[in-house]
Amino acid sequence: VSDGDPFFPFHAAGLSGNPFRVLPDDELRRIAVLPAPVLAALDDPAAPHVQLLGDAGRGKSTTLLAAAARLERAGHTVGVEYLPVGTTRFTTDPSGLDVFCLDEVQRLGRWERRRLRHVAGWCRLLLGSHEDMTPLLARASRAVVTVCVGGLGPDHCRAVLAARIAYAALLGRETDHATLAPDALDWLTVRFGSDLRGAERFLYEVFQASVRTPEPVTAARLAAALARCP
Amino acid sequence: VPDVQIFVSFDGAAPGSVPRYAPGTVVSGVARVRAGSSVKCNHLRIRCLWQTEGRGDRDEGVIETKDVLQGTLNAGEMRDFPFRFELPREPWSYAGHYINIVWGIGVELDVPWASNPKQFTPFVLAPTWAGGGATMR
């Protein structure tokens, strides 16, 4: 038995690994930051359908998973399905579900949309989509709450990035690890707007290439990294 | 997530350090589980595995799984579960730019109707080199 630190270059920065590495769904669910409008809709006693709209990379899928997990914890039976590229049908049997959570709904074909509209008559839906599905749900007995994930503002993006870093902190180093300085968060907001995936990919490279101490990463450092690798 | 704390310690390793094992040797230690409140546990599984971390989706290989408890952990109860796994000869631990191979002991409580508490505690699987790299032991 000997010291294995050379295999864990981020330990010196107080981190278990690169905070912006790809995480599996169950870990994403644990650290997802649910925006206030989504929380309000989930906890609404009228139990409206909820659709999350936004372009790719804005955090729809993560938010959807976290929303499904929250309802599951509240005792609801929840089915979750993600429609991969090229898929036009959903395969989950919604009978027996309280909530059906379907991501990338815009990929559904015409007949599947009709089937989903039927499901909406008796099962609560949580939808992630690039396309507004309000017309599809117009005749459902429940109200529809739409949250545009791309328009949640810089505070939400800051909270998401901070949660990623906090999750990577080593046990016992929760207050002594590399993080993003306030000016770095401002810089990221200006550079990437609501494109969280773009910001996370860029930060992966920055952390991988240069973060080896617990000091905060500043805006100047990010700008220099971007200049080296635009 | 139920109120459960999981700690893993490796035999012969200093607390907080990452132990290193040569391929084909044995990793052993203790998984300590402390329940803050009473938790019904369908299974408590201790796994020896490697997983990839980096820019791509996670892959993993489970070497062995031990199901060490099916029952209830009472509030305030702390229990130790020793483990011992024979390690394979590969893949070796690796730290790269886009991919890392991380070996570890994974402990997971399968709890009904709740997120499963789990803990992954890493170690290194890699040969040590002696004699200027001429000999591997």
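The values are calculated or read from the model by the stated rules, or taken from the named source; none is laboratory data. Because the structure is a prediction, the values reported are computed rather than measured. Positions of Cβ are backbone-derived with ideal geometry, glycine not excepted, and every protein chain shown enters the neighbour counts. SASA here: full protein model, heavy atoms, side chains in, ligands and nucleic acids out. Shrake-Rupley method; radii C 1.70, N 1.55, O 1.52, S 1.80 Å.
A single member of A:A47, A:A68 is within 12 Å of chain B (Cβ to nearest Cβ) and either closer than 18 Å to A:Y204 by Cβ or open to solvent by less than 50 Å² (accessible area, probe 1.4 Å) (or both), and it is A:A68.
Looking across region A:197-207, the residues that are within 10 Å of chain B (Cβ to nearest Cβ) and open to solvent by 20 Å² or more (accessible area, probe 1.4 Å) come down to A:R201, A:E205. For region A:162-173, the criterion of being of a type outside the set (S, T, Y) and farther than 30 Å from B:F7 by Cβ is satisfied by no residue at all.
Of the residues making up region A:17-37, those that are within 8 Å of chain B (Cβ to nearest Cβ) and not basic (K, R) are A:G17, A:N18, A:V22, A:L23, A:P24, A:D26.
Here's the yes/no breakdown for (1) in a loop (DSSP other than H, G, I, E, B); (2) charged (D, E, K, R); (3) in contact with a Cys (Cβ under 8 Å, 6 or more places away or on another chain); (4) open to solvent by less than 20 Å² (accessible area, probe 1.4 Å):
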{"site": "A:G17", "(1), (2), (3), (4)": "yes, no, no, yes"}
{"site": "A:F20", "(1), (2), (3), (4)": "yes, no, no, yes"}
{"site": "A:A40", "(1), (2), (3), (4)": "no, no, no, no"}
{"site": "A:D55", "(1), (2), (3), (4)": "yes, yes, no, no"}
{"site": "A:R58", "(1), (2), (3), (4)": "yes, yes, no, no"}
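For (1) more than 10 Å from chain A (Cβ to nearest Cβ); (2) closer than 17 Å to B:Y94 by Cβ; (3) not in a loop (DSSP other than H, G, I, E, B), each residue gets a yes or a no:
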{"residue": "B:Q5", "(1), (2), (3)": "yes, no, yes"}
{"residue": "B:P23", "(1), (2), (3)": "yes, yes, no"}
{"residue": "B:G29", "(1), (2), (3)": "yes, no, yes"}
{"residue": "B:R32", "(1), (2), (3)": "yes, no, yes"}
{"residue": "B:C41", "(1), (2), (3)": "yes, no, yes"}
{"residue": "B:I46", "(1), (2), (3)": "yes, no, yes"}
{"residue": "B:Q51", "(1), (2), (3)": "no, yes, yes"}
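When you scan region A:61-81, do you find a residue that is of a type in the set (S, T, N, Q), in a loop (DSSP other than H, G, I, E, B) and out of contact with any Asp or Glu (no Cβ under 8 Å at 6 or more places or on another chain), even just one? Checked region A:61-81: no residue is of a type in the set (S, T, N, Q), in a loop (DSSP other than H, G, I, E, B) and out of contact with any Asp or Glu (no Cβ under 8 Å at 6 or more places or on another chain). Among the residues of region A:207-222, just one is over 15 Å from A:A169 (Cβ atoms), among the aliphatic types (A, V, I, L, M) and at pLDDT below 95, namely A:A209. Residue check: B:D57 meets all listed conditions (1) under 23 Å from B:E86 (Cα atoms); (2) within 9 Å of another protein chain (Cβ to nearest Cβ); (3) open to solvent by 60 Å² or more (accessible area, probe 1.4 Å); (4) modelled with pLDDT under 95 but one, namely (1). If you take the residues of region A:113-142 that are more than 14 Å from A:V50 (Cα to Cα) and in contact with a helix residue (DSSP H, G or I) (Cβ under 9 Å, 6 or more places away or on another chain), which of them is surrounded by the most Cβ atoms within 10 Å (Cβ to Cβ)? The selected residue is A:R113. Pairs meeting the criteria (first residue in region A:72-96 and hydroxyl-bearing (S, T, Y), second residue surrounded by fewer than 14 Cβ atoms within 10 Å (Cβ to Cβ) and at pLDDT 90 or above, beta carbons under 8 Å, at least 6 apart or on different chains) are A:T88/A:G109. Does region B:76-88 include one or more residues that are at pLDDT 95 or above, under 24 Å from B:P23 (Cα atoms) and within 14 Å of another protein chain (Cβ to nearest Cβ)? Yes - at least one qualifying residue is present in region B:76-88.
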